[in-house]
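What follows is a single structure, written as structure tokens, with notes after it.
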Amino acid sequence: MPDGHYRCGLVAVLGRPNVGKSTLVNRLVGQKISIISPRPQTTRTRVLGIHTDTYAQVVYIDTPGLHGGGRNLLSRYMNRAARGSLEGADCILLLVAASGWTNEDNHGLAIVREWSIPVILVINKIDRLKNRNALLPFISQAARHMKFAEIIPVSAVTGENVADLEKAVIHYLPEQPALFPEHQTTNQGERFAAAELVREQVFHTTRQEVPYAIAVGVDRFERTETLLRVEAVIWVEKTSQKGIIIGRGGERLKLIGTRARKEMEKLFGSKVHLELWVKVREDWADSESLLRSLQYGDI
């Protein structure tokens with residue numbers, strides 16, 4: 001509830017892969033900030049979603065899904081990015097799914113226990129519950145794991161209870177001026193956004209046929225008065241994956257390009273000419289130089 005004092009702060013959004021963090025951040029910000037897909041570990045780097053209104057500016061930090069182990073350099077980077085998002089945060093949203101607590105959720109729980117800042121447990125995906133009566137025992141069970149500041153069930157997809165979550169978050173932010181300009185909604189540049197939109201369509205178009213370990217780099221991003229020209233490379237680990245993405249007669253790659261181009265035109269407000277290539281590099285997820293060129297930060 002507004003108290004007459006302007007509040008602003010950082011809110012880290014943590015949880016296991018595919019629990020709905022990006023969908024929730026997009027809902028809270030009111031526009032698409034992070035790409036989403038049914039695939040785990042879609043988000044690979046910290047993405048800021050900034051929501052500003054008359055009473056507060058909330059900077060949500062969408063993070064890669066927390067998972068145990070580190071099979072390659074990219075996996076280790078994603079875990080560090082998620083943990084690093086807690087530095088300077090004023091509040092943490094720990095997401096779990098309404099279907100029940102899992103062993104993977106314990107990994108996030110162990111991390112947030114290390115911090116002496118408010119943790120709100122967000123029970124997401126309540127729209128999938130056939131019996132809402134199951135929520136009460138789940139909330140009671142969850143409350144035994146640690147002393148959460150609040151426990152709030154929501155649906156990031158439908159928006160149910162999201163306004164209540166937003167009000168709760170603001171309560172834990174310090175009184176201070178806005179950190180970002182009023183109309184800024186993210187920290188990511190247009191080149192990064194273009195790459196992410198291509199990667200999103202690869203996930204949606206290939207579904208389970210290609211592992212999550214593909215990457216997209218933008219080699220050209222050039223605006224004219226009437227057109228935006230984008231040239232991008234889809235990196236894969238195996239020649240067989242290249243064939244899957246290209247498809248018979250190039251049809252699947254064409255579909256990926258068409259869908260990504262339409263998303264870019266909506267985001268950038270301009271006509272887009274998009275060209276895509278698919279290249280194989282077996283060790284791309286362990287290549288420090290390539291990961292840096294793909295804007296995955298401080299590897």
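The values are calculated or read from the model by the stated rules, or taken from the named source; none is laboratory data. Note that the structure is a prediction, hence the values are computed from the model and not measured. Positions of Cβ are generated from backbone atoms using ideal geometry, with glycine treated the same way; all protein chains shown enter the neighbour counts. Quick note on the areas: whole protein, heavy atoms, side chains included, nothing else; ligands and nucleic acids left out. Shrake-Rupley method; radii C 1.70, N 1.55, O 1.52, S 1.80 Å.
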Quiz prompt | Glu175 versus Gln141: modelled label distance in nm, points set 7 Å from Cα along the beta carbon direction | solution = 4.2
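Using R₀ = 35 Å, calculate the FRET efficiency as 1/(1 + (r/R₀)^6) where r is the Cβ-Cβ separation of Glu182 and Thr224; round to 0.05. Show your work: numbers first, answer last.
Values: r = 29 Å, r/R0 = 0.83.
With R0 = 35 Å, the Cβ-Cβ based efficiency is 0.75.
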Exercise. Kindly report the accessible area of the stretch 169-264 per residue (heavy atoms of protein chains, probe 1.4 Å, no ligands, DNA or RNA), in Å².
Key: 52
Quiz item: In percent, what relative contact order does the stretch 125-219 have, based on Cα pairs under 8 Å that are 6 or more apart in sequence?
Solution: 19
Practice problem: Divide, for the stretch 145-198, the radius of gyration over alpha carbons by 2.2 N^0.38 Å, where N is the residue count. | Solution: 1.59
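Test of the criteria: in the stretch 99-207, which trypsin sites (Lys or Arg not before Pro) are in a DSSP loop and have at most 14 other Cβ atoms within 10 angstrom of their Cβ?
Passing sites in the stretch 99-207 are Arg113, Lys130, Arg144, Lys147.
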Quiz item: Considering only protein heavy atoms, what per residue accessible area in square angstrom results for the stretch 99-166 with a 1.4 angstrom probe?
Solution: 55
Self-check item: Extension reserve of the Leu267-Ala149 stretch, reckoned as 0.36 nm per residue once the Cα distance is removed
Solution: 38.9 nm
Quiz item: How far, in nm, would the chain grow between Thr102 and Glu251 when pulled straight, counting 0.36 nm per residue and subtracting the alpha carbon separation?
Solution: 49.7 nm
Quiz item: Using only the Cα atoms of the stretch 96-195, what do you get for the radius of gyration and for Dmax, in Å?
Solution: 16.4, 46
Quiz prompt | Dipole moment magnitude, nearest 20 debye, the stretch 153-272 about Cα centre, only Lys, Arg, Asp, Glu C-beta charged | solution = 780
Quiz prompt | For the stretch 89-131, size of Cβ-based charge dipole, Lys and Arg +1, Asp and Glu -1, in debye | solution = 220
